[in-house]
Each structure stands twice: as structure tokens, then as C-alpha cells.
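Here's the structure, in C-alpha cells; my notes come after.
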Amino acid sequence: MLRKVILLLSLLGIVLMILFYFYPRTLRQNLQDIIDGASLGASLVIKPGIYRENVRIVNKNLSLIGYGVTLRSAKENVPVLLIKNSKVVLEGIRIEDAFGRCHSIESCASGILIVNSEVHLNSVVIKGNANVGILSNNSTLRLRNCTIFRNSGDGIDIHNSYLEVINTNISENGWHGLFALNSKVTITNTFLKNNKANGISSKNSTIDIRYTTLIENRYDGLGVIHADIDLINAVITGNYENGIFAYGSKLKIRYADISKNKINGVNIVSSTLEALTIHVGKSQVGITSRDSMLKLTCVNVTKNNKHGIFVLRSILEIYDSRISWNEEDNIYVLDSYLKFVNSSLKGSKVSVKAENSDVQILESVIEGNDYGIVIMGNSALKLVTSQVIKNKYGIALHLKKCGFPWDYFHETQRKLIIIKSEFTNNKIALCPIERFIKE
């Protein structure tokens, strides 16, 4: 008899444990009741477990601490957690499995919706939501030590907000890792990988990026329109289109490795770029520019499959840099201006290809190329106190007599001037020599 009683009690205990795990509302107070009853500024420690409910925090100031707590959606087409007109700290909570679609900002299957609020997320995981992981409008949001992954839309989507992200993983989301519109963003020591669109995407925003990695995103590592970007100590590699794409933007990049991106390392249109101590390599083109202004100092652009640098209708200034071992051209300037100072050009089929452009090269070394410099169309050249060494052709016009299949050099008054420069061990130094003015 006693054995039967013990067995029945054991079975009852197992049933209660199952109910407690899968249906917490039936056996304990739900989170919404706890939050509604909390006083202003309360700090609530939530009992570990899985909570299947959609929680609203409206006009509240409180902290929720929930290590071992998972909050899952119970309703379709709504956020798992709504924070509105509040100041909230979340710590240790998992927010996941919103299901349904987006019909409006508050009728959207997102992980967290934040409206007109200030929110701090510490060690929070946001995973597997049917739309956006975090959606923020007109709010301040700070994330530290968080994980945002495998959401079907953007990992984080902010509008008219301030966002600070520190030591966070934003990966494998179904669209952008982070999207910012009309916002200010600071990102530090964060990892954005394998998102199905851009790692970071923004429009009309200001973004500061520090010690951050953008890797293997489906489109661009960083893709921005009308943005102000300050990037320091970043690794941008293996993205399927551009490492960086910018339109109508201002970029300042320092101490960055931008390599192994499928198309361009950096691609800017109608933008300005100031770069210091960056490495750009192993893409189709290292840096591409259209209708832009670039100032590159102490850069290393190397081993790209086509051009090291290609610019169209742009102003390009390069100082104290090394542009080398790019497959076709180290630098190709078209309808542009190039100033190249105290730098080196090595190991390419053509080190500088100038088409309808103005080129000034000062105190630099051009070494070991098939063609050191090729002058095409209506171009001008000024070479000052430089060394042209061990090239098949040191400087050549694009003429049949200089080894090209057709003539492409216009008879103009534009000058090809060489001042105090040294030509050593070239097979042909100048072609044709009579076209150049040596001073």
C-alpha cells in the first residue's frame, strides 16, 4: 500500500513539474501581473522558467532581472515585449519566438518594440522572432553583452533613436544585422556576421564604430546613404558584395583591415573618404570611387584581382602609402585628378593608368611593373623627384609604337613634364621619348 502511495505522489510530482514548465501561468503569477503591480523604480527578480505571454510595460520605471527566464510569444502579430513611455532595465532574459506578420508598429511580430523610452539591455538574448529582433522608435537604447540572432527581419531596427552597442553578437538575421534611420549609433567591440543583407545599414544617420568585426554578410559589411561614419580598428572581411558602400556620405576610417570582400573593399559614390593606416586587399577592386573626394594616408592596397584603386570623376590624394601587386592596375584614374606623394607603386601590369586625367607624382617609387605609367586620351602628367625602376616601360603613351593594339592619346597642348626624376633599369624608359619635357 505504501509503495502505491509513493508511486502516485511521484507521478503527481512529475505532472506538476511538466505543467509548471510548459504552462507557468497555471501555477504562478504571470509577468504582466507582476509588472502591473510593481511600484515606480522597482527592481524585480523573475523566477527562472519559460513564460508564454506578450508583456506590455507602459508608463513604468523598473528593472527586470531574469537569468534563466525565457519569454515567448503567446499571440500572433504582436511583439513579445512592448516598452512604451518608460525607463526599463532588462538583464539576463531571453526573448524569442514572436510569430505572425507586421501590420503596424504595434501589430508586428518583433522581439522587443520600444517607443518613446529609455531601455538598457544587459546579457539579453533575442532570437528567432518572425520579424525584427528589436524595433525602436524615438528612444534611447543601450545594449551590453547581448546576442541578437536568427530573427527573420533585421536584428535591430531603429528610427529617430540613439543606440549604443557594446560587446554584442548580431548574427544570422534574415535581413540587416542593424538598420538605422535618422539616428545616432555607437558600436564598440561587436560582431556582425552572416546577416542576409548588410551587417550595418543606415540612412541619414551618424555612426561611430570601434573594435568591431563585420564578416560574411550577404550584401555589404557596411552600407550607408547620407551618413556620417567614423570607423576605428575594424575588421571588414568576406562580405559578399562590398566591404563598405557609401552614397552621399562622409567617411573617416582609421586602422582597419578591409579584405576578401567579393566585389569592392570600399565603394563610394558622391562621398568623401579620409583614411589613415588601413589595409585593403583581395577583392575584385580595392577602392572604387565615383564623383567623390578621397584622401588616403599610410594605406596598403594590395593583391586585388583587378584594380587596386579605380576612380571616376573624383579627386584622389595619396600620401605615404603602398599600392602594389594588384592584378591589372594599381591605380586607374578616369576623368579625375590624382596626387601621389612619398609612396610606392609596384608589381602590376600598369601601376598608374591615367585616362583624361591630371596626374601629379612626387617623391615616389614606381618599380617592377609592365608599364609604370600609361597616359591615355587627354591627360597631363607631372613627375617630380621620383624613381622609375625596373619596369618594361617606365612611362608610355597609349600608342601602337608603345606596345598597345591601338592609338588612344589625343594631340593636345597638355604637358607631360618630368622634373629631377631617376629612370633606372627600365627596358624602355619613355615612349615615345620626344613627347616628354624633362627639366
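The values are calculated or read from the model by the stated rules, or taken from the named source; none is laboratory data. What you are looking at is a predicted structure, and each value in this text was computed from that prediction instead of being measured. Virtual Cβ from ideal backbone geometry, glycine too; neighbours counted across all protein chains shown.
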Being closer than 19 Å to Ser270 by Cα and of a type outside the set (Asp, Glu) is the filter here, so list the residues in segment 316-330 that pass it.
Leu316, Ile318
Can you list residue pairs whose Cβ atoms sit under 8 Å apart, with the first residue in segment 284-304 being assigned by TED's automatic domain parsing to the domain that holds Ile323 and over 21 Å from Trp325 (Cβ atoms) and the second being part of a strand (DSSP E or B) and of a type in the set (S, T, N, Q)? Count only pairs 6 or more apart in sequence or on different chains.
Ser292/Thr272; Met293/Thr272
Count of segment 58-78 residues which are assigned to a loop (DSSP other than H, G, I, E, B) and either more than 33 Å from the chain's Cα centre (by Cα) or not assigned by TED's automatic domain parsing to the domain that holds Ile35 (or both)
4
Kindly indicate whether any position in segment 373-380 is crowded, with 18+ Cβ neighbours inside 10 Å and within 34 Å of the chain's Cα centre (by Cα).
yes
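Yes/no per residue for (1) assigned to a helix (DSSP H, G or I); (2) within 17 Å of Ile366 (Cα to Cα); (3) touching a Ser or Thr at 6+ places or on another chain (Cβ under 6 Å); (4) outside the structural domain of Ser364 (by TED's automatic domain parsing):
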site	(1), (2), (3), (4)
Lys401	yes, no, no, no
Arg414	no, no, no, no
Ile417	no, yes, no, no
Leu430	no, yes, no, no
How about segment 79-106: which of its residues are outside any strand (DSSP E or B), at pLDDT below 95 and not charged (D, E, K, R)?
Ala98, Gly100, Ile105
For segment 271-328, name all the residues that are over 29 Å from Lys203 (Cα atoms) and of a type in the set (Val, Ile, Thr).
Thr302, Ile323
Wholly within segment 179-225, which strands (runs of 3 or more DSSP E) include no fewer than the required count, namely at least 2 residues that are hydrophobic (A, V, I, L, M, F, W, C) and in the same structural domain as Asn261 (by TED's automatic domain parsing)?
184-188, 191-193, 206-210, 213-215, 222-225
Within segment 173-186, which residues are surrounded by 17 or more Cβ atoms within 10 Å (Cβ to Cβ) and either over 18 Å from Asp230 (Cβ atoms) or under 11 Å from the mean Cα position of the chain (by Cα) (or both)?
Asn173, Gly174, Trp175, His176, Gly177, Leu178, Phe179
